[in-house]
Amino acid sequence: MNLLHVIGNLVLVVCCWFLSLISLNWVSNGGIMTVKSGLIGGDGGQIWMKLWDQISVFGCKIQHHYSQYIGPKKLRKNWWRKLLIAWILCGIILSLSVFWYMSSLALDKRKETLASMCDERARMLQDQFNVSMNHIQAMSVIVSIFHHDKNPSAIDQTTFARYTERTSFERPLTSGVAYAVRVLHSEREQFEIQQGWTIKRMDEQTPVHEDEYDPADLETSPAHDEYAPVIFAQDTVAHVISVDVLSGKEDRDNVLRARESGKGVLTAPFRLLKTNRLGVILTFAVYKRELPPNATPAERIQETAGYLGGIFDIESLVEKLLQQLASKQTIIVNVYDTTNFSDPISMYGSNTSSDGMHHVSALNFGDPIRKHEMHCRFKQKQPWQWVAITTSVGILIISLLVGHIFHATVNRIAKVEDDYNHMMELKKRAEAADIAKSKFLATVSHEIRTPMNGVLGMLQMLMDTRLDETQQDYVRTARESGKALVSLINDVLDQAKIESGKLELEEVSFDLRAVIDDVLSMFLGKSQDKKVELAVYVSSKVPATLVGDPGRFRQIVTNLVGNSIKFTDKGHIFVTVHLVEEASEMEFERDESLSGLPVVDRRRSWSKFRSFNQESPATSSSSSDQINIMVSVEDTGQGIPTEAHSSVFNPFMQVGPSITRTHGGTGIGLSISQCLVHLMKGEIGLASSPHIGSTFTFTAVFSNINGQQQVNGSISSSEFQGMRALLVDPKKIRAKVSKYHIERLGIHVEVVPDLSLGLTNTPTVNMVFIEEEIWDCKNVGNPKMLILSNSCSSDSARSPFAITKPLRVSKLAASLQRAMGMSSGGNNLSREIHALSLRNLLHGRKILVVDDNPVNLRVAAGALKKYGADVVHAERGAKAITLLTPPHLFDACFMDIQMPEMDGFEATERIRKIELGIKNGIEDGELSVEAYGNVSNWHVPILAMTADVIQATNEACARSGMDGYVSKPFEAEQLYREVSRVFQTMSDESH
Amino acid sequence: MATVGQLQKQFVDFSTSLYREFIQLQKLQDESNPDFVFEVVSLFFEDSEKLLNNLAIALQQQVVDFKQVDAHVHQFKGSSSSIGAHRVKNMCVAFRNFCEEKNLDGCLRCLQQINHEYCLVKNKLENVFRLERQILEAGGTIPLIA
């Protein structure tokens, strides 16, 4: 019973808890799983922690879900607050009601227990009493038979005393039995004579059962109608013989009632003298003859012969009874005579105040007039209702916790909201700052670019003056460095673009060898300072001109070489360029490195490339205009620890913090390189061993310039074309590098390991190159390349000419020119080429120049005219449109962007629209192709002319349909690049 | 001949003291177009004087139309940068900034300075031409710059 209750309570608690959980998790679906696992885990603290987390998350979700639905913040806050108070009230009420319910259950149960115990006791008491009463009744029958029906009587005092004594075990509860005979007043004298004593009156003051009491002291009973003197008595009460029981008030009532009812009648309890216990007297009437059950009281009185009384010791009766029962300690039993309801007489038990719970059982001792009750109480007070208390406290705690969670959530929501607003504000400020930063960067970089342009322009001018070869080289280097600085500034601006993936690669034709030479010349000073050999080898299979983004390509190579030079203190840095297809044929020669120092196996650096792991036919079968270039940068530096290999391409990651301290740098270079390589559809990888060196390798896909593929990357216009040279170098790899450079000048090179060997074998050489290493005359500090003119056949004592490494084609050419006494006819080879090519490109072309500024117009026209173009002027955009409305004979148009009335963009857009209209018209058959010179898709190349070259202009040009832009004033190189590109695409289209 | 040599030296000095653009202009001149530089420079003078005049008028108006002024200055900037008159061009940049700010005082100051710079460059150019003429009259050849 108890156990069941406890379980029930537990279930209730768990249910409550679950309900709250479920209701909470209802919105934050999915959360319940965690809570369940927490439950299974059984650790209360954990559960609460998890629950807390859940709630927090849930709170956040609520915030998100409801923030747009529930009105303004203030209103919502009040709403939450009211809900919270209601919830807490609910919790308190619930816990109180649960407590009340549970304690009332317990109380009921207790009451029930008490009642059942009490009733059990009352019934037993009643039964035992009845047993004794029956016996006394039986005695009354004996007396009736043997005393009254026999004459003379068969019983006298001695017999009675003996009998009662011997049968007293039958009546364990009676302390004594006595028999009083009914004597009428008329029979008194005769009776007194017969008995030999007078009838005594019962003394009211002195109780009947006084032990020391002498019957003789008692007064003789006064005259009455009738008397009931005791004639027989058990020895224990022998003193009552001769006492008239009718004279005592209690006894008289008893006797009268007994004879009227014919049943056993009880007196009110009184204290027994001998034992000092409470007792009652049971009186039975003895009739002269057997009466019918329905005899009237008058008949009964008439027939009464005497009265048998038994004294019951209630206290011992009850005590004995309670001793028989178990758990007598737990309850207190009181027995009362409640005949007089307002004044119950205690018959048993201490008369403690009956506060608290008690149960009353009615006792029926067979006397209808006398009422008895048994009162039972628990000895102990009701114990604390721990189950109820814990349950309700638990519920209270849960509800308070939930309330707290709720409160915290609401607070959190408010906080998050505040934070959010704060953040928004901060974000706005940050954005404003960002805009300011961008503006600043743009301004500053522009401001740097402007003077740099001055510097570059001056250098350009300086190059155009009459300089000797060394000066020329210095100026060229200075100019390249300046250009690199400008490009660096652009890179800083492009950095964001790279990261946001907005970077787009250019598609221009460029000379890869020149780019790599430029990179090398940038690091010239550094490598010489460090005494590190810097060398380049480009495979002859790589085409001279590629189409791609030279700037980005250069950036990657610069990054890698810069990185290498940073970490290399001795040995060499070797840049090699091959076609990807060649890679498989390459072999690793351990003891054959440029500087003789060991290097890592470079093949490992590309072992992870996809293009190699895939089927090789895929790359080799790619069309001829897809050129897969593979560039390796090998150094003999300190290398990269194996564990850092994976992270070197992460931005801002360097091998260790000490690296940053020693070498500086941001660590972003490799990351940018990787991005760029990926943009070029290539891959980047490395192989490195600590203290041996590293090799970085990347691949890039460029497109080939159509048709004019020069197998050998030589400069055709070189004045050294067709010469023969002898290269003396015992080291194969170094000889290969030198040979590559010399061959670029168009010189045929033969390599011999030994000078004597070479001279004997090849009689007609224009020049001999000897590696310094084997030049045994003097050891000069710098790594120098020594050349000998062809005139010295056997006599090598003449002072030789030194070329400082690293070799570059321009440097080599200049040195050779000096050495061979050639006059430097051309200022700059490439410039000459550009100018020449421009003339070829522009000669006879009809070109429209549009500019509102007459001076600019004249200058631009003059520049174009110089290259042989047929120039037409236009001052206004409108005029340009009229002139360019097909059919016309213009090959190209150079248009100023900023013009009054109609700017260059608008004019171009209109021209493009007209061209499109004609094209559609011809396609639809509305216009005849003949009227438009048999050309259906008119598209005149329009190049923008602009003074300030900014990125946005480039994009704007493309947007409005322009084909490109040139900066004002015209620069041959750029003009050539743009014009060649435009005419290239034009010729593509026409073919 | 000594005078020719002197004149030639002066000419080179003057020319190099001008800017790269002017030298480029000179480069554009060849047999097919012998008076190219002179043509362009005269055009520049003509254009500039017109523009300066326009600017002066525009800035004297009751309500100055800065947009108009800006357009004039832009054009002036374009032509001066083409001719290689960098100081004029730089003044134009400053002028445009003032225009943007609608700073009339600044504009007027700029106009004054531009006038000054223009006079300088005009003198310089006229000197070059004068020297050129003198060289030719003296029977010398105009030295190639750069």
Which ranges mark the strands (runs of 3 or more DSSP E) fully within the stretch A:329-380 that have 1 or more residues being more than 30 Å from A:GLU260 (Cα to Cα) and at pLDDT 75 or above?
A:331-337, A:358-363, A:372-378
Given the structure, is B:GLN61 within 27 Å of A:MET902 (Cα to Cα) and more than 14 Å from chain A (Cβ to nearest Cβ)?
yes
Number of the exception - B:ALA56 against (1) among the hydrophobic types (A, V, I, L, M, F, W, C); (2) buried (at least 20 other Cβ atoms within 10 Å of the Cβ); (3) over 11 Å from the mean Cα position of the chain (by Cα); (4) more than 14 Å from every other protein chain (Cβ to nearest Cβ):
(2)
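Return the residue satisfying two criteria in turn: it lies in the stretch A:852-863 and is within 21 Å of A:LEU841 (Cβ to Cβ) and either in contact (Cβ under 8 Å) with a residue 60 or more places away in the chain or within 8 Å of chain B (Cβ to nearest Cβ) (or both), and of such residues it is surrounded by the most Cβ atoms within 10 Å (Cβ to Cβ).
A:VAL859
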Suppose we filter the stretch B:73-105 for residues that are more than 9 Å from chain A (Cβ to nearest Cβ) and touching a residue at least 12 places away in the same chain (Cβ under 8 Å); how many remain?
16
Of (1) surrounded by fewer than 19 Cβ atoms within 10 Å (Cβ to Cβ); (2) part of a loop (DSSP other than H, G, I, E, B); (3) within 60 Å of the chain's Cα centre (by Cα), A:MET899 satisfies all except one. Which?
(1)
Identify, from the list B:LEU131, B:LEU125, the residue that is within 13 Å of chain A (Cβ to nearest Cβ), under 20 Å from the mean Cα position of the chain (by Cα), assigned to a helix (DSSP H, G or I) and among the hydrophobic types (A, V, I, L, M, F, W, C).
B:LEU125
When (1) under 25 Å from A:THR465 (Cα atoms); (2) out of contact with any Phe, Trp or Tyr (no Cβ under 9 Å at 6 or more places or on another chain); (3) modelled with pLDDT of 80 or more are applied to B:PHE38, the one that fails is (2)
Can you confirm whether the stretch A:450-465 contains a residue that is more than 14 Å from chain B (Cβ to nearest Cβ) and either assigned to a helix (DSSP H, G or I) or under 30 Å from A:CYS90 (Cα atoms) (or both)?
yes
For the stretch A:835-887, give me each residue that is under 29 Å from A:LEU927 (Cα atoms) and part of a helix (DSSP H, G or I).
A:GLY877, A:ALA878, A:LYS879, A:ALA880, A:ILE881, A:THR882, A:LEU883, A:LEU884
Being charged (D, E, K, R) and either assigned to a helix (DSSP H, G or I) or closer than 15 Å to A:TYR101 by Cα (or both) is the filter here, so list the residues in the stretch A:381-417 that pass it.
A:ARG412, A:LYS415, A:GLU417
Against the definition (without any contact (Cβ under 8 Å) to a residue 12 or more places away in the chain, among the hydrophobic types (A, V, I, L, M, F, W, C) and at the interface with another protein chain (Cβ under 10 Å from one of its Cβ atoms)), how does B:PHE36 come out, yes or no?
yes
Do you know which of the residues in the stretch A:636-653 that are assigned to a loop (DSSP other than H, G, I, E, B) and out of contact with any Pro (no Cβ under 9 Å at 6 or more places or on another chain) is modelled with the highest pLDDT?
A:GLY637
Determine, yes or no, whether B:LEU7 is at pLDDT below 80, of a type outside the set (Ser, Thr, Tyr), farther than 22 Å from A:GLY454 by Cβ and assigned to a helix (DSSP H, G or I).
yes
Counting only residues that are surrounded by fewer than 19 Cβ atoms within 10 Å (Cβ to Cβ) and within 12 Å of A:LEU89 (Cα to Cα), how many does the stretch A:397-408 have?
1
Residue check, A:ILE389 against (1) surrounded by fewer than 16 Cβ atoms within 10 Å (Cβ to Cβ); (2) more than 50 Å from the chain's Cα centre (by Cα), all met but one. Which one?
(2)
Test set (1) surrounded by 15 or more Cβ atoms within 10 Å (Cβ to Cβ); (2) at pLDDT below 75; (3) in contact with a helix residue (DSSP H, G or I) (Cβ under 8 Å, 6 or more places away or on another chain) - B:VAL12 fails condition number
(3)
Top-ranked residue in the stretch A:279-306 [being hydrophobic (A, V, I, L, M, F, W, C) and under 15 Å from A:VAL245 (Cα atoms); ranked as farthest from the chain's Cα centre (by Cα)]:
A:ALA305
Considering the stretch A:864-896, residues that are of a type in the set (Lys, Arg) and crowded, with 17+ Cβ neighbours inside 10 Å, and then whichever is farthest from the other protein chains (Cβ to nearest Cβ), we arrive at A:LYS865
Please pick out the residue among A:ILE88, A:ILE136 that is of a type in the set (A, V, I, L, M, F, W, C), closer than 25 Å to A:TYR336 by Cβ, surrounded by 17 or more Cβ atoms within 10 Å (Cβ to Cβ) and touching a Gly at 6+ places or on another chain (Cβ under 9 Å).
A:ILE136
In this structure, does A:ALA813 turn out to be in a helix (DSSP H, G or I), buried (at least 20 other Cβ atoms within 10 Å of the Cβ), away from every other protein chain (no Cβ under 14 Å) and at pLDDT 80 or above?
no
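Table: residues versus (1) surrounded by fewer than 23 Cβ atoms within 10 Å (Cβ to Cβ); (2) in the same structural domain as A:ASP313 (by the TED database); (3) out of contact with any Gly (no Cβ under 6 Å at 6 or more places or on another chain); (4) among the small types (Gly, Ala, Ser).
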{"position": "A:HIS239", "(1), (2), (3), (4)": "yes, yes, yes, no"}
{"position": "A:SER242", "(1), (2), (3), (4)": "yes, yes, yes, yes"}
{"position": "A:GLY248", "(1), (2), (3), (4)": "yes, yes, yes, yes"}
{"position": "A:ASN254", "(1), (2), (3), (4)": "no, yes, yes, no"}
{"position": "A:PRO269", "(1), (2), (3), (4)": "no, yes, yes, no"}
{"position": "A:GLY279", "(1), (2), (3), (4)": "no, yes, yes, yes"}
{"position": "A:ARG289", "(1), (2), (3), (4)": "yes, yes, yes, no"}
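The values are calculated or read from the model by the stated rules, or taken from the named source; none is laboratory data. Here the structure is a predicted model, which is why all the values come from computation and not from measurement. No Cβ is skipped: glycine too gets one built from the backbone with ideal geometry, and neighbour counts run over all protein chains shown.
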